[in-house]
1. For the chain, what is the relative contact order in percent, using Cα pairs closer than 8 Å and at least 6 residues apart in sequence?
2. Loop-only GluC sites (Glu not before Pro) in the stretch 26-131, please: DSSP not H, G, I, E or B, and at most 12 other Cβ atoms within 10 Å.
3. From the phi of every residue in the stretch 104-121, what ³J(HN,Hα) in whole Hz does the Karplus formula 6.51 cos²θ - 1.76 cosθ + 1.60 yield, where θ is phi - 60° and glycine or proline is x?
4. Treating each Cα of the chain as an identical point scatterer and ignoring solvent, apply the Debye formula and state log10 I(q)/I(0) at q = 0.10, 0.11, 0.14, 0.17 Å⁻¹.
5. If I histogram all Cα-Cα distances within the stretch 70-141 using bins 10 Å wide from 0, what percent of pairs lands in each bin?
6. In whole angstrom, how far apart do the alpha carbon centroids of the stretch 65-93 and the stretch 138-169 sit?
7. What is the magnitude of the charge dipole of the chain about its Cα centre, with +1 placed on the Cβ of each Lys and Arg, -1 on the Cβ of each Asp and Glu, and no other charges, expressed in debye to the nearest 20?
8. Just the number please: accessible area per residue for the stretch 7-130, 1.4 Å probe, all protein chains included, in Å².
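The values are calculated or read from the model by the stated rules, or taken from the named source; none is laboratory data. For clarity, every value in this text was computed on a predicted model and none was experimentally measured. Note that we place each Cβ from the backbone using ideal geometry, even for glycine, and neighbour counts take in every protein chain shown. These area figures cover heavy atoms from the full protein model, side chains too; ligands, DNA and RNA do not enter into them. Shrake-Rupley method; radii C 1.70, N 1.55, O 1.52, S 1.80 Å.
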Amino acid sequence: QDYINCSREQLLGKMAELLPEKRLNHCLGVERAAIELAERFGVDAEKAGLAGLLHDYAKKLSDQEFLDLIDRYQLDLKNWSNNVWHGMVGIYKIKEDLNLQKPEILRAIEIHTVGAGQMTDLDKVIYVADYIEHNRAFPGVDQAREIAELSLNKAVAYETARTVEHLAR
């Protein structure tokens, strides 16, 4: 509540209106994983938890809603799709709906799927938490969780390499 214009209960209500139950459960799982990672690696757990919870806030917006946001904020992202838009454009929906203004939280949400050449520890926590949260089940996730127990940087490297391999296939 320190960072947004509503209580947790109100936020979860808004998210339930925007997201199907499975996606909301994923967001809650990322929140939990982000808090655990933040505590393990000395990152602000409150900011990590909020970024984790909100990371997919805009995931189910229509393409037209994304295009409207892209036009309104004069973003050069029309050649992409929801996989990029829900983070990079979704932060503008979060600002509008929730009045979230903390740049470090917004940045972590913005790049949670694409990463960046320079990432803060908060960015890394959200990037990794999205990949390893307890609802995820795919080949390699258990190894990713083990790596994330030991090193945030190695977890980012592992996830990035697996994602590139997946996209190349």
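1. Working: 203 pairs, mean separation 39.6, N = 169.
Answer for the chain is 23 percent.
2. Details: sites: GLU31, GLU36, GLU39, GLU46, GLU65, GLU96, GLU104, GLU110; in loops: none.
In loop regions of the stretch 26-131 (DSSP not H, G, I, E or B), there are no sparsely surrounded GluC sites (Glu not before Pro).
3. Along the stretch 104-121, the couplings run 5, 6, 4, 5, 4, 5, 4, 10, 5, 9, 9, x, 6, x, 10, 10, 6, 5 Hz.
4. -0.35, -0.42, -0.69, -1.04
5. Each 10 Å bin holds this share of Cα pairs: 18, 45, 31, 6.
6. Measuring centre to centre over Cα atoms gives 27 Å.
7. Values: 21 positive and 28 negative charges, 51 e Å.
Once rounded to the nearest 20, the dipole reads 240 debye.
8. Accessible surface, normalised per residue, equals 47 Å².
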